[in-house]
Amino acid sequence: MTKIALIGPNGRMGRFVEGLLEGREELEIVARIGRSDDLASSLNGAQVGLDLTVAGLGADHARTLLDHGVRPLIGTSGVDPAEDAPLDALARSKGLGGLIVPNFCLGVWLQQRLALDATRFLKSVEIVEEHYSGKVDAPSGTAKDTAAQLEQALGRQPGSLGVHAVRVDGLYSNQQIIFGGTGEVLRLTHQTFGLEAFGSGILASLGYVAQAQGVARGVGHAFEWSAARG
Ligand SMILES: NC(=O)c1ccc[n+]([C@@H]2O[C@H](COP(=O)([O-])OP(=O)(O)OC[C@H]3O[C@@H](n4cnc5c(N)ncnc54)[C@H](OP(=O)(O)O)[C@@H]3O)[C@@H](O)[C@H]2O)c1
């Protein structure tokens with residue numbers, strides 16, 4: 001049984017997680033922590049803190065959770081990769097682990113893996129991401145994360161890869177990675193049609209974080225861990 005503090009329970013993702021965990025004996029939500037609650041004093045014995053709040057809060061919440069002996073699973077957008085090493089050191093100093101997940105979708109992780117492979121042969125690349133008009137951050141945390149991985153693979157400066165954000169009504173969440181070759185173009189497209197796309201990644205991440213040592217980034221750690229267990 002893993003005891004979970006759900007941080008941001010009233011948002012779109014928070015409500016989705018409530019439904020996802022309903023009836024699962026191995027995962028219990030023991031705290032629901034909203035905007036007006038004090039995070040540190042509301043944890044109620046939780047082992048894992050699943051943060052789904054507002055871009056910019058994730059790293060602070062991860063530190064608070066670790067300071068109080070709780071393993072952070074940060075799904076909130078916008079955790080700067082520069083935060084990873086200090087969070088990892090803090091977690092290890094306490095014998096804890098955690099995970100920062102810019103995107104819980106299996107398909108996005110696979111898209112990124114395919115794109116990283118393509119950078120061995122195709123060097124001209126940009127990202128186009130499309131979301132509903134109400135999304136507060138642009139470019140999306142997923143696009144920034146994808147760009148950072150591609151820049152590293154291509155040996156390019158951070159922030160140098162073109163990322164284009166489209167925000168219009170009616171869209172849900174799509175990301176296209178476009179590679180240019182000689183007289184040819186390769187498009188790797190991921191499309192999301194509903195919150196259920198995040199379900200398997202959230203469940204795998206909760207299992208992974210409950211036993212992790214140190215803080216890692218990316219849902220791939222959770223999918224690999226889950227696949228290794230069979
Ligand atoms: N990793 C992924 O795969 C993934 C997927 C989708 C979304 N996201 C990210 O997850 C986050 C949540 O998304 P969403 O669509 O659920 O957003 P949302 O509907 O706007 O919900 C955010 C919730 O966070 C609450 N909140 C704000 N500040 C808080 C605080 N200090 N402590 C606790 N709760 C606080 C808000 O409370 P009020 O109701 O009082 O305003 C709101 O209920 C965003 O950063 C989004 O980009 C990540």
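The values are calculated or read from the model by the stated rules, or taken from the named source; none is laboratory data. Small disclaimer: the values here were computed from a predicted structure and weren't measured. Neighbour counts run over all protein chains shown; Cβ positions are idealised from the backbone, glycine included. Side chains are part of the model used for accessible areas, which takes the heavy atoms of the whole protein and leaves out ligands, DNA and RNA. Shrake-Rupley method; radii C 1.70, N 1.55, O 1.52, S 1.80 Å.
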I'd like to know if the range 78-87 contains one or more residues that are assigned by TED's automatic domain parsing to the domain that holds Q211, over 20 Å from the mean Cα position of the chain (by Cα) and touching a residue at least 24 places away in the same chain (Cβ under 8 Å). no
Mind listing whichever residues of the range 36-68 are under 22 Å from V215 (Cα atoms) and either free of Cβ contacts under 8 Å to residues at least 24 places away in the same chain or touching a Phe, Trp or Tyr at 6+ places or on another chain (Cβ under 6 Å) (or both)? G56, L57, D60
Of the residues that make up the range 20-35, is at least one out of contact with any Phe, Trp or Tyr (no Cβ under 8 Å at 6 or more places or on another chain), more than 21 Å from L203 (Cβ to Cβ) and not aliphatic (A, V, I, L, M)? yes
For residues that are closer than 26 Å to A138 by Cα, within 8 Å of the ligand (Cβ to nearest atom) and among the hydrophobic types (A, V, I, L, M, F, W, C), tally how many sit in the range 34-68. 4
Single condition G98 does not satisfy, out of (1) open to solvent by 10 Å² or more (accessible area, probe 1.4 Å); (2) more than 10 Å from the ligand (Cβ to nearest atom); (3) assigned to a strand (DSSP E or B): (1)
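Every residue in the range 1-10 that is within 8 Å of the ligand (Cβ to nearest atom) and open to solvent by 30 Å² or more (accessible area, probe 1.4 Å), please.
N10
Residues are listed down the side, and each one gets a yes or a no for (1) open to solvent by 30 Å² or more (accessible area, probe 1.4 Å); (2) on the phi > 0 side of the Ramachandran plot; (3) among the hydrophobic types (A, V, I, L, M, F, W, C); (4) not assigned by TED's automatic domain parsing to the domain that holds I74:
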position: E129; (1), (2), (3), (4): no, no, no, yes
position: A148; (1), (2), (3), (4): yes, no, yes, yes
position: G155; (1), (2), (3), (4): yes, yes, no, yes
position: L161; (1), (2), (3), (4): no, no, yes, yes
position: F179; (1), (2), (3), (4): no, no, yes, yes
position: I202; (1), (2), (3), (4): no, no, yes, no
position: S205; (1), (2), (3), (4): no, no, no, no
Extreme residue, farthest from P102 (Cα to Cα), among residues of the range 147-186 that are part of a strand (DSSP E or B) and without any contact (Cβ under 8 Å) to a residue 40 or more places away in the chain: V185
I'd like to verify a number: residues in the range 21-78 that are part of a helix (DSSP H, G or I) and out of contact with any strand residue (DSSP E or B) (no Cβ under 9 Å at 6 or more places or on another chain), how many? 4
A118 passes all but one of (1) touching a residue at least 40 places away in the same chain (Cβ under 8 Å); (2) open to solvent by 30 Å² or more (accessible area, probe 1.4 Å); (3) more than 13 Å from the ligand (Cβ to nearest atom); (4) not assigned by TED's automatic domain parsing to the domain that holds G207; which number fails? (2)
So, in the range 181-199, of the ones that are over 20 Å from F121 (Cβ atoms) and in contact with a strand residue (DSSP E or B) (Cβ under 7 Å, 6 or more places away or on another chain), which residue ends up nearest to the ligand (Cβ to nearest atom)? T192
Looking only at the range 18-33, count every residue that is within 12 Å of the ligand (Cβ to nearest atom) and either open to solvent by less than 50 Å² (accessible area, probe 1.4 Å) or β-branched (V, I, T) (or both) and tell me the total. 2
